[in-house]
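The values are calculated or read from the model by the stated rules, or taken from the named source; none is laboratory data. All values reported here derive from a predicted model rather than from experimental measurement. Positions of Cβ are generated from backbone atoms using ideal geometry, with glycine treated the same way; all protein chains shown enter the neighbour counts. Surface areas here come from the heavy atoms of the whole protein model, side chains and all, with no ligands, DNA or RNA. Shrake-Rupley method; radii C 1.70, N 1.55, O 1.52, S 1.80 Å.
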Amino acid sequence: MNALLQSAEASLYLPVRARIAEVRPLTRLEKLYRIELPDGMSLQHQPGQFVEVSVLGVGEAPISISSSPSRSNGTFELCVRRAGDVTSALHGLGPGDSIGLRGPLGHGFPIQRFHGKDLLFAPGGLGLAPLRSLIQQVLDDRRNFGKVTILYGARHPSELLFTEELQAWSELPDVEVHMTVDRPDEEWKGNVGVITTLFSKVSLYARNTVAVTVGPPVMYRFVLMELLGKGIPEANIWLSLERRMKCGVGKCGHCQMHHLYACLDGPAFCYAQIKHLEEAL
Ligand SMILES: Cc1cc2nc3c(=O)[nH]c(=O)nc-3n(C[C@H](O)[C@H](O)[C@H](O)COP(=O)(O)OP(=O)(O)OC[C@H]3O[C@@H](n4cnc5c(N)ncnc54)[C@H](O)[C@@H]3O)c2cc1C
Ligand code: FES
């Protein structure tokens, strides 16, 4: 089977045509797409990598791969928030429609380095989309990892993604899930406050914990302070830096942070690698 990247290597800029197999609305702004590649092709991605998705006549946007390689079965999933031209055009497409794809691109999370560790996932809002790929992969290979803790925050209950999956994860042995919202509605019975208010609910064996956070900078800056304060080693803290991108392959410079390109060297970075970069934090 050809990896999609192999065909893209012929021209880094030439998209492969793929088919939307299924679309599922998740919230007012986000939809989950199951994408089918042409016969004989597979994505072969690492959790944390992204694809450049194109809609003919509109443009291209980087979107994280939201499903895990362990569940690929010839298809993969993208969770798309309607934000501007490309994502709005995507929201207008349905099953059977075609899109263009380049990728998988960038560096994902080095999951083998997480073997034997307890894992703490701290996504904010849409940050759960890329982390879902990693969480699914970990849960499908459970014996290689210790305790799994997921702390998830969103602004409002209606903005929480993958709520049924979060519920199912919370019922698994040795998996702890805590959620919070900034603004509750009348039905919300959970925690209220920013994501860092959830840290007091969990106990961590800091030296053996790998923490992964994905979300807007205003959120991950505070999460990083919390993780460092708990004594999690800098080399065990990972984040995804989703900077504005164009080419996605290290050519245009749009995503440059000092000597690093978010598209090429990331988007997954170890905190120890980027802690001195003003542009990153
Ligand atoms: C590595 C990576 C992974 C991503 N994964 C996902 C994903 O899984 N799901 C998803 O819905 N979106 C994801 N995004 C964000 C998505 O790429 C942007 O929202 C996208 O560019 C919107 O394209 P558009 O043409 O619809 O909007 P545009 O018309 O280009 O812009 C819409 C608005 O979003 C702003 N914008 C564009 N890119 C970014 C960015 N990276 N950060 C903040 N603001 C931005 C623009 O300035 C504008 O205000 C990811 C971005 C990156 C870099
Ligand atoms: S997006 Fe072009 S160099 Fe990163």
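When GLU279 is tested against the conditions (1) closer than 23 Å to LYS117 by Cβ; (2) loosely packed, with under 15 Cβ neighbours inside 10 Å; (3) within 14 Å of ligand 1 (Cβ to nearest atom), the lone failure is (1).
Yes or no, residue by residue, for (1) more than 30 Å from PRO15 (Cα to Cα); (2) away from ligand 1 (no atom under 16 Å from the Cβ); (3) over 15 Å from the mean Cα position of the chain (by Cα); (4) of a type in the set (A, V, I, L, M, F, W, C):
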site: VAL192; (1), (2), (3), (4): yes, yes, yes, yes
site: LEU198; (1), (2), (3), (4): yes, yes, yes, yes
site: LEU204; (1), (2), (3), (4): yes, yes, yes, yes
site: ARG207; (1), (2), (3), (4): yes, yes, yes, no
site: VAL218; (1), (2), (3), (4): yes, no, yes, yes
site: PHE222; (1), (2), (3), (4): yes, yes, yes, yes
site: GLY229; (1), (2), (3), (4): yes, yes, yes, no
site: ALA235; (1), (2), (3), (4): yes, yes, yes, yes
site: ARG243; (1), (2), (3), (4): no, no, no, no
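PRO267 fulfils the conditions (1) in contact with a strand residue (DSSP E or B) (Cβ under 6 Å, 6 or more places away or on another chain); (2) at pLDDT 95 or above; (3) more than 13 Å from ligand 2 (Cβ to nearest atom); (4) not β-branched (Val, Ile, Thr) except for a single criterion, (3). Of the residues PRO47, PRO69, PRO95, PRO110, the single one that is away from ligand 2 (no atom under 16 Å from the Cβ), touching a strand residue (DSSP E or B) at 6+ places or on another chain (Cβ under 9 Å) and farther than 24 Å from CYS270 by Cα is PRO95. When HIS258 is tested against the conditions (1) within 21 Å of the chain's Cα centre (by Cα); (2) within 16 Å of ligand 2 (Cβ to nearest atom); (3) open to solvent by 10 Å² or more (accessible area, probe 1.4 Å); (4) over 30 Å from VAL23 (Cα atoms), the lone failure is (1).
Can you name every residue in region 16-30 that is open to solvent by 50 Å² or more (accessible area, probe 1.4 Å) and touching a helix residue (DSSP H, G or I) at 6+ places or on another chain (Cβ under 8 Å)? Working first, answer last.
Taking region 16-30 first, the residues open to solvent by 50 Å² or more (accessible area, probe 1.4 Å) are 17, 19, 22, 24-25, 28.
Listed by number, the list holds a single entry, ARG28.
Quick check on my filter: what residues within region 125-146 are open to solvent by 10 Å² or more (accessible area, probe 1.4 Å), among the small types (Gly, Ala, Ser) and within 14 Å of the chain's Cα centre (by Cα)? Result: GLY125, single match. Here is the figure for region 194-224: residues that are exposed (fewer than 12 other Cβ atoms within 10 Å of the Cβ) and without any contact (Cβ under 8 Å) to a residue 24 or more places away in the chain total 3. Taken over region 229-242, the criterion of being surrounded by 18 or more Cβ atoms within 10 Å (Cβ to Cβ) and touching a Cys at 6+ places or on another chain (Cβ under 8 Å) is satisfied by ILE237, TRP238.
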